[in-house]
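Single-structure report; data block below.
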Amino acid sequence: MRKFFTAHILLFFGNLLYAQELSQISFSSGSNLSHLSLLTDREVLIRISEDGKILEWGIEVQSFRINDYYAPRLQPYPGRVEYYGPEADSVSRGKVKSIGSAVITYFEAYETAEKIGKVKSVGRLFFDYFGRYDNKVLQNKIKLIGSLSIDYYSTFDDPALQGKLKAAGSTPITYYSSFDDRFIRGKIKSIGSVNYHWYTSLDRQGYGGGLKSGPLRQYTAGVLYILL
């Protein structure tokens with residue numbers, strides 16, 4: 001009997017370990033934030049845009065030939081998916097309600113105007129957003145995921161950086177500035193302590209803007225950063 005209860009306790013805490021959490025942050029063209037991904041039910045990812053819209057959900061598929069390459073689109077999730085029906089608030093109606101064990105809620109019509117329709121919570125994680133009184137390029141973007149703060153470069157920063165992801169929690173993200181080579185302006189320079197280098201106009205023709213050194217996928221502070 002003691003073994004039975006011990007096994008169930010381990011299973012309970014194991015499920016908590018894989019509960020909803022920020023798992024990935026992806027960038028397109030090595031520059032712009034593409035989406036943030038939450039992990040739920042062990043392998044299931046929920047991709048969310050920086051302005052709080054669910055983009056897709058499913059399971060990552062790794063290439064058989066290239067270890068560091070995964071299919072851009074997620075494999076469809078074979079588990080249970082539910083949607084809000086006609087009884088729901090007009091804003092939530094028809095939107096995805098749950099994916100596996102992750103229950104999703106949205107800011108409803110009676111709430112702060114600029115938040116209406118955005119994701120409010122995924123499982124135990126609650127979202128908050130920059131509002132109308134924040135810097136112009138920050139408005140409507142995700143500000144908090146649970147206790148993790150998300151920050152962006154503002155209109156007071158270099159023009160090549162404005163609106164780009166600046167930090168996720170304690171992890172800073174820097175970019176090449178408008179004073180750098182035209183092929184690398186606005187591209188990621190560092191994520192945490194990891195540096196990135198790109199081919200410039202001084203390199204062989206056709207290489208400009210391509211990644212020269214730096215990982216396509218790297219873990220920092222428990223989050224996987226991906227260059228698409």
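Just so it is clear, none of the values below were taken in a lab; they were calculated from the coordinates. What you see is a predicted model, and the numbers here were worked out from it, not measured in a lab. Every residue, glycine among them, receives a Cβ derived from its backbone with ideal geometry; neighbour counts consider all protein chains shown.
In table form, for the structure just shown:
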read-out	value
Top of E43, E87, E108 by mean-square fluctuation, Gaussian network on the chain, Cα under 10 Å	E87
Mean-position separation - Cα centroids, region 39-75 and region 157-192, in angstrom	24
Residues V61, V91, sorted so that the one with the fewest Cβ neighbours within 10 Å comes first	V61, V91
Residues H35, H197 arranged by fewest to most Cβ contacts within 10 Å	H197, H35
Taking region 2-227 and dividing mean pair separation by its residue count, relative contact order in percent (alpha carbons under 8 Å, at least six apart)	14
Rounded if a/c under 1.5, otherwise prolate or oblate - region 64-157, Cα gyration tensor axes	oblate
Residues R42 and S178, FRET efficiency given R0 of 45 Å [Cβ-Cβ distance, rounded to 0.05]	0.60
Region 75-172: chymotrypsin sites (Phe, Trp or Tyr not before Pro) in DSSP loop, at most 16 other beta carbons within 10 Å	Y110, Y133, F156
Radius ratio Rg over Rh of region 158-228, counting only Cα atoms, Kirkwood formula for Rh	0.98
J(HN,Hα) series, region 143-155, from Karplus relation 6.51 cos²θ - 1.76 cosθ + 1.60, nearest Hz, glycine and proline x	10, 9, 10, x, 9, 8, 7, 10, 10, 9, 6, 9, 6
Tail beyond 27 Å, pair distance distribution of region 2-227 (Cα, percent)	42
Reachable lysines from K212, criterion Cα separation under 25 angstrom, eight or more residues apart if same chain	K164, K166, K187, K189
Max mean-square fluctuation residue, GNM over the chain, Cα-Cα springs under 10 Å, options T171, T112, T200	T112
5 angstrom amide H check on K187, placed H, neighbours 5+ away	Y176
C-alpha long axis of helix 2-17 to longest principal axis of the chain, angle in °	40
